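What follows is a short report on a single structure.
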Amino acid sequence: QVQLVESGGGLVQPGGSLRLSCAASGTISRLYVMGWYRQAPGKQRELAAKLTSGGGTDYAESVKGRFTISRDNARNTVYLQMNSLKPEDTAVYYCNLFSRDGNYWGQGTQVTVSS
């Protein structure tokens, strides 16, 4: 079983930055994909960024050049650095881990971009 705990959300003005953290615990397969998804009110959950166990990354077009996903293996933590935030980035952000053992989600953290 894997547990994911997100932190770092909050209220920020347009153009500002936030860093989200996702701490993973439990038994984690050697091969996995970790990602950050987001869900805005009235919209479907969508992928923002993902990172494979091999180090590959992928980003939604809407966040390319502004968001960076990274990890700290020693801390079993994945980060999402979000810069140049826009009001349309407002959403609940969820951490996800997918491996052969299952598909796991965190509880979500709210990000609100507003002046």
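Brief remarks follow.
- Gly54 being free of Cβ contacts under 8 Å to residues at least 40 places away in the same chain, touching a Leu at 6+ places or on another chain (Cβ under 9 Å) and either hydroxyl-bearing (Ser, Thr, Tyr) or assigned to a loop (DSSP other than H, G, I, E, B) (or both): yes
- The residues of segment 35-45 that are under 24 Å from Arg100 (Cβ atoms) and part of a strand (DSSP E or B), listed by number, are Gly35, Trp36, Tyr37.
- Considering residues of segment 25-52 that are open to solvent by less than 70 Å² (accessible area, probe 1.4 Å) and more than 12 Å from the chain's Cα centre (by Cα) only, the residue nearest to Tyr94 (Cα to Cα): Ala40
- Enumerated strands (runs of 3 or more DSSP E) restricted to segment 60-110, each holding at least 1 residues that are of a type in the set (Asp, Glu) and open to solvent by 30 Å² or more (accessible area, probe 1.4 Å): 67-72
- Test: residue in segment 94-113 that is among the acidic types (Asp, Glu), over 20 Å from Gly10 (Cα atoms) and in contact (Cβ under 8 Å) with a residue 60 or more places away in the chain: yes
- Within segment 8-18, the presence of at least one residue that is part of a strand (DSSP E or B), open to solvent by less than 60 Å² (accessible area, probe 1.4 Å) and in contact with a Gly (Cβ under 8 Å, 6 or more places away or on another chain) is confirmed.
- If you go through segment 70-93 and keep only what is touching an Asp or Glu at 6+ places or on another chain (Cβ under 9 Å) and either within 28 Å of Thr27 (Cβ to Cβ) or without any contact (Cβ under 8 Å) to a residue 60 or more places away in the chain (or both), you end up with Val78, Tyr79, Ala91, Tyr93.
The values are calculated or read from the model by the stated rules, or taken from the named source; none is laboratory data. Because the structure is predicted, anything quoted here is derived from the model rather than measured. Cβ coordinates were reconstructed from backbone atoms using ideal geometry, including for glycine residues, and neighbour counts include every protein chain displayed. These accessible areas exclude ligands, DNA and RNA; they are computed on the full protein's heavy atoms, side chains included. Shrake-Rupley method; radii C 1.70, N 1.55, O 1.52, S 1.80 Å.
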